[in-house]
Amino acid sequence: MDLLNRALGSSVLVSLKGGREFRGKLVGFDVHVNLVLEEAEELQNGEPARRFGTMMIRGDNVVYISPAE
Amino acid sequence: MDLLNRALGSSVLVSLKGGREFRGKLVGFDVHVNLVLEEAEELQNGEPARRFGTMMIRGDNVVYISPAE
Amino acid sequence: MDLLNRALGSSVLVSLKGGREFRGKLVGFDVHVNLVLEEAEELQNGEPARRFGTMMIRGDNVVYISPAE
Amino acid sequence: MDLLNRALGSSVLVSLKGGREFRGKLVGFDVHVNLVLEEAEELQNGEPARRFGTMMIRGDNVVYISPAE
Amino acid sequence: MDLLNRALGSSVLVSLKGGREFRGKLVGFDVHVNLVLEEAEELQNGEPARRFGTMMIRGDNVVYISPAE
Amino acid sequence: MDLLNRALGSSVLVSLKGGREFRGKLVGFDVHVNLVLEEAEELQNGEPARRFGTMMIRGDNVVYISPAE
Amino acid sequence: MDLLNRALGSSVLVSLKGGREFRGKLVGFDVHVNLVLEEAEELQNGEPARRFGTMMIRGDNVVYISPAE
């Protein structure tokens, strides 16, 4: 389960319940899968739709996390 | 995960499950991501729609928190 | 997070999941954000729609609490 | 938070998630807000629609409890 | 809260989230309100619609339990 | 509550939240009601619709379990 | 319940709440049924629709896991 550790400092794709999708550099996380992203953006149909700088996503919203390709 | 600590005293954007969005000065939080905002306002389509003075948002409603730009 | 302590004895606005809204004098709460209100009323479109005397709201329904203006 | 203690033996109104409403004499409860009602009835539009004798309501369904007027 | 203890061996009505309703002899339960029923049947509009013999209902689905009349 | 122990090695019917239904030989379970089934199949309108070999069902999806008749 | 241990290194099918389905090599999991998949792909109507490389699925989304055939 050290996928998140290895992904620190890299870009990740985050899919949330309800279908929202975010991409950003993973700079922190905890056991609840709370995530801190930098240079984050919300994606719509895979395209950047809104920029956020830094954001914290509460872990209970997360469906999956995947290193961004 | 010290994003919330660094954001204390600054304006943050808070997105809730179901799509409601709030902005205000973060003056407190706890491990459940319960948040206390001052000079808070609810946003609709990014525009202020209702003012609240101080408010406490229960953490389990939160999708993400981001320093307001 | 002592917003609720400071609000004891004062009128608060309580917004619940699903959109119901209540207003009343906060006379008790606990760590789950269970709330006891006196002289409580349910609001519809901001107007009183139903009176309750005393009521206990289970905390997991709460979206936010704000001192009533 | 001793509202429930004071309400023991008296008639209470119980509103559940999803909108169902019950009224009955509160004869027991626990920390999860599990409730035991006697002479209970389900209300529809405020009118009795179904009688239950004794019933136990699981606390996680409860939105609020209020002494019946 | 000893309603469930007293109901052991007797017929109970069980209402679930989403509206499904079951009736059967209560032969076991635990602190999560997990229930074991014998001679169980699902009810539709109050009429038996399907028979189950023995069944275990996971407690988090339960809205209320009431001795069957 | 030893219904699950007695059902080990036998065919069970498992109903999930949202209405999906599975049948298979119960070969394992734990306190969360996580279930392992062998020779499992998904049922639609009571008829086998898809075969799975071995599968683990996460307990929080379960509505009820009943020995298959 | 050692189904997941035996499945390590093999291809599994993962069904999520809401109906999304993924397939990939199981390379890690924990007690919450958080899963790490490699060479993962999302399926639509049983056909690969999107490739992910490595991904972590948060366990509370999982309905079932089954060794892929």
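Under a Cβ-only charge scheme (Lys and Arg +1, Asp and Glu -1), can you give me the dipole magnitude of the stretch F:9-69 about the Cα centre, in debye to the nearest 20?
With Lys and Arg at +1 and Asp and Glu at -1, about 140 debye.
For chain F, what is the calculated [θ] at 222 nm in deg cm²/dmol (nearest 500), taking -39500 (n - 2.57) for each run of four or more DSSP H residues and dividing by its residue count?
On the way: 1 runs with 5 residues, N = 69.
Computed mean residue ellipticity for chain F: -1500 deg cm²/dmol.
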Once the Cβ-Cβ distance between F:Gln44 and C:Glu39 is put in as r, and R0 is 41 Å, what FRET efficiency do you end up with, to the nearest 0.05? 0.15
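Counting only C-alpha contacts under 8 Å and six or more residues apart, can you give the relative contact order of the stretch F:3-67 as a whole percent?
Values: 141 pairs, mean separation 21.5, N = 65.
Result for the stretch F:3-67 is 33 percent.
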Among the aspartates and glutamates, select those whose C-alpha is under 15 Å from the C-alpha of C:Lys25, and discard any that sit fewer than 8 residues away in the same chain. C:Glu38, C:Glu39, C:Glu41, C:Glu42, C:Glu69
What the Cα atoms of the stretch E:3-67 span along the principal axes, largest first and in whole Å, is 28, 22, 17
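Give the average, rounded to an integer, of partner chain Cβ atoms located within 10 angstrom of each Cβ in A:33-44.
On the way: counts 6, 6, 2, 5, 3, 1, 0, 2, 0, 2, 0, 0.
Partner Cβ neighbours, averaged per residue: 2.
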Under a Cβ-Cβ cut-off of 14 Å, what is the net charge of the residues other than F:Gln44 that fall near it, where Lys and Arg count +1 and Asp and Glu count -1? 0
Each label point is 7 Å from the Cα along the Cα-to-Cβ direction; what then is the distance between the points at D:His32 and E:Glu21, in nm? 2.3
Overall dimensions of the protein assembly as shown by Cα: Rg and Dmax, Å: 24.3, 64
If each part is reduced to its alpha-carbon centroid, the stretch D:8-39 and the stretch F:28-67 end up apart, in Å, by 34
For the B and A pair, go ahead and give the buried accessible area with a 1.4 Å probe, both sides summed, in Å² to 100. 1500
Accessible area in square angstrom per residue, chain E, 1.4 angstrom probe: 45
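Ordered by packing density, taken as the mean number of other Cβ atoms within 10 Å over each peptide's residues, highest first, how do D:33-44, A:40-51, G:8-19 rank? Each step should come with its number before you reach the end.
Working: D:33-44: 19.8, A:40-51: 13.4, G:8-19: 16.4.
In decreasing order of mean packing, D:33-44, A:40-51, G:8-19 become D:33-44, G:8-19, A:40-51.
The values are calculated or read from the model by the stated rules, or taken from the named source; none is laboratory data. What you are looking at is a predicted structure, and each value in this text was computed from that prediction instead of being measured. All Cβ positions, even for glycine, are placed from backbone atoms using ideal geometry, and neighbour counts span all protein chains on display. These area figures cover heavy atoms from the full protein model, side chains too; ligands, DNA and RNA do not enter into them. Shrake-Rupley method; radii C 1.70, N 1.55, O 1.52, S 1.80 Å.
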